[in-house]
Amino acid sequence: MAKRLGKGLGAIISTTPPPKSTGEVEETIVHVKGDSIVEIPLDQITTNPDQPRTHFDDVEIENLAESIRSVGLIQPILLRKANDNKDGYTIIAGERRFRAAKSLELDTIRAIVIKANEEENVTIALIENIQRQDLDPIEEAKAYRLLINRFNMKQNDVAKRVGKERATIANSIRLLSLPDIIINAISEGSISQGHAKVLLGVPGSQKEYYFGLILSQNLSVRALESLIKSNQDKLSGDSQSKKNPKDPHIKKMEDKLVSTLGTKVEIKHSATGKGRIEINYYSLDDFERILEKFE
């Protein structure tokens with residue numbers, strides 16, 4: 001199924017697939033309401049200060065530059081007139097193409113210049129990045145928050161603009177409430193958005209404790225959920241058995257096994273010196289993960 005355009009971008013631009021190649025490179029056909037494709041000098045173009053994407057991969061830019069060198073620029077960039085009433089333009093969409101063109105020391109670049117206010121500028125840039133799946137979860141969350149804070153939008157308004165469910169916007173913005181160390185790890189890809197959603201449900205300082213276990217134990221999202229549930233069950237059981245507290249040495253060994261295996265572990269030790277160790281698993285995948293710990 002083809003991705004649908006976000007409402008804000010779809011109202012301005014519609015694209016049709018390029019015709020089949022006949023031996024020469026064909027440009028994508030672009031229809032723009034009231035505007036046309038023009039050549040703009042690179043030195044008259046500035047980047048978008050509200051660009052949602054904050055990280056640009058140098059190798060990716062080099063590959064794009066090589067593509068432009070070989071076949072030309074297939075898709076024009078999208079610009080608007082600068083706000084300072086001087087000659088110049090600001091990028092709305094296509095900063096990677098702009099960077100690649102600069103690296104090739106081109107004089108001009110094919111562009112579409114549209115009339116867009118500040119709100120439209122931010123919205124279109126966000127939609128373009130979302131459609132291309134260019135943003136990491138934190139960049140996306142910050143862009144949603146920018147729309148809400150700067151333009152007094154509600155989450156429903158943002159959802160309609162970018163073609164997503166309101167709950168998706170709310171859950172995305174919630175990521176920004178995590179500790180900075182976890183936010184940075186999400187941006188870097190050290191942990192997944194799935195891990196982050198689980199950590200959101202953990203109280204206070206425990207977030208960083210479990211974050212450390214994710215990294216040190218390489219826990220999957222499912223294993224993290226199992227470990228948290230195990231610890232919660234254990235705390236509940238401890239409160240019910242305060243009259244008969246477990247031997248501190250046994251308790252320490254239990255905690256070590258829980259940390260190592262990433263699941264609920266209980267040591268049942270008798271006065272005779274005998275006992276058993278119960279290791280819980282919550283699916284066959286979880287069972288196989290635990291077995292791998294013993295290899």
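The values are calculated or read from the model by the stated rules, or taken from the named source; none is laboratory data. A quick note: this is a predicted structure, and the numbers were derived from the prediction, not measured. With ideal geometry, Cβ positions are generated from the backbone for all residues, glycine too; neighbour counts draw on all protein chains shown.
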Just wondering, is there one or more residues in the range 100-113 that are closer than 21 Å to Ile37 by Cα, touching a residue at least 60 places away in the same chain (Cβ under 8 Å) and of a type in the set (Lys, Arg)?
-> yes
Filter the range 276-286 down to residues that are surrounded by 12 or more Cβ atoms within 10 Å (Cβ to Cβ) and at pLDDT 80 or above and give me whichever is nearest to Ile228 (Cα to Cα).
-> Asn280
Only strands (runs of 3 or more DSSP E) wholly contained in the range 64-154 count here; list those with 2 or more residues that are modelled with pLDDT of 80 or more and in contact with a Ser or Thr (Cβ under 6 Å, 6 or more places away or on another chain).
-> 89-93
Somewhere in the range 41-60, is a residue under 25 Å from the mean Cα position of the chain (by Cα), modelled with pLDDT under 80 and of a type in the set (Lys, Arg)?
-> yes
Hits in the range 61-83 - residues which are among the basic types (Lys, Arg) and surrounded by fewer than 18 Cβ atoms within 10 Å (Cβ to Cβ) | Arg69, Lys81
So, of the residues in the range 38-63 that are in a helix (DSSP H, G or I) and among the polar types (S, T, N, Q), which turns out to be farthest from Asp134 (Cα to Cα)?
-> Gln44
Please indicate, with yes or no, whether at least one residue in the range 108-123 is surrounded by 18 or more Cβ atoms within 10 Å (Cβ to Cβ), basic (Lys, Arg) and under 29 Å from Ile68 (Cβ atoms).
-> yes
